[in-house]
1. If each of residue 324 and residue 366 carries a label point 7 Å out from its Cα toward its Cβ, how far apart are those two points in nm?
2. How are the C-alpha pair distances of the chain spread across 10 Å bins, as whole percents from the shortest bin up?
3. With Rg and the Kirkwood Rh both taken from Cα atoms, where does Rg over Rh land for segment 206-358?
4. Rank these for me by crowding, 226, 117, going from fewest to most other beta carbons within 10 Å.
5. Ranked by Cβ crowding within 10 angstrom, fewest neighbours first, how are 128, 324, 52 ordered?
6. Which ordering of 53, 270 is given by a fewest-first count of other beta-carbon atoms within 10 Å?
7. Rounded to the nearest 0.05, what FRET efficiency is calculated for residue 359 and residue 263 with R0 set to 30 Å and r the Cβ-Cβ distance?
8. For the Cα atoms of the chain, what angle does the longest principal axis make with the long axis of helix 298-318, in degrees from 0 to 90, nearest 10?
């Protein structure tokens, strides 16, 4: 019994940088999520890197910048996000075949042609349902930094103000696959996903993929240069800029979500904070699935608390939270203060987890409702 209890209490951190790509390719199966661990695998399944297929450049830049695990869905046309496809797990919903992914990149289906705004909205809703982040690319008409803020065709026209979306500007310049010695403009989503994976591996998901060490490898330039003043305006609007400096080369210079514009005052302003929260949610949901077989009583609450406290303590040791003491860094509550007699009767356990991502003792709070063996059919269906 003791050994079984210890196994149940062990919680592992969920992966954080599995990237899903949806796009057009030269060949390969359509509407199927194919696991890809290298550019060579991509080329074997979907064809070589070609300028006419922005997806191929995005995947190349993903692996160039430190990406490790990807799933690629080849789609036939721009209707890949039509809701009717969800029933057959086609288009965007081919990703239902994947147990988990963390980042979604949808580069243009052909050079210079933006992904439809409605499709982006559908993709964002899908990301939210999967605890994933949508990497949004610049629009082709954003020829100057100021155009990103245009009330008519700028960022507000996309309707993507959400903590599960991020946007990087501008496009990057990369080596053409067809014309030796020339550069082409590429959507930054693949390079950014690779940078995120590299940062996660070296520093942790709580470290912003930004700053002098956040180089965009393989980039030969930027489609537009962003000045310090322009960067400040865009950053205040929740746009992450790519910058070029003499001493560092091309780097990521922002770490906000699209919900992170100053005027919104969101709790999810910063990209790393949102990703840490998603990681904790995913880890606990997966790691506490054994609760469904247990009676809803105080011994269960204590076991849940112990498991989650051990998990959070490990994150604390790795530097995920602010604060020098445990009390200033995180808390776990699963007791008679979170669970009422009515909850017990319904077979529902309420768990509350707080962590300090920015300043000691200033907690971001996550609430979980776990179903136990005595959970009613109505509550189990929720």
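1. Here the modelled spin labels are 2.7 nm apart.
2. So the P(r) values, bin by bin, are 5, 22, 30, 24, 13, 5, 1, 0.
3. Numbers: Rg = 20.8 Å, Rh = 18.4 Å.
Computed over Cα atoms, the ratio is 1.13.
4. Least to most surrounded, the residues fall as 117, 226.
5. Values: 128 15, 324 8, 52 11.
Result, fewest neighbours first: 324, 52, 128.
6. 270, 53
7. Values: r = 22 Å, r/R0 = 0.73.
Plugging the Cβ-Cβ distance into 1/(1 + (r/R0)^6) gives 0.85.
8. 40 degrees
Bear in mind these aren't lab numbers, they're just calculated from the coordinates by the rules spelled out. From a predicted model like this one, the values you see are computed outputs, not experimental measurements. Cβ: placed from backbone, ideal geometry, glycine included. Neighbour counts: every protein chain shown.
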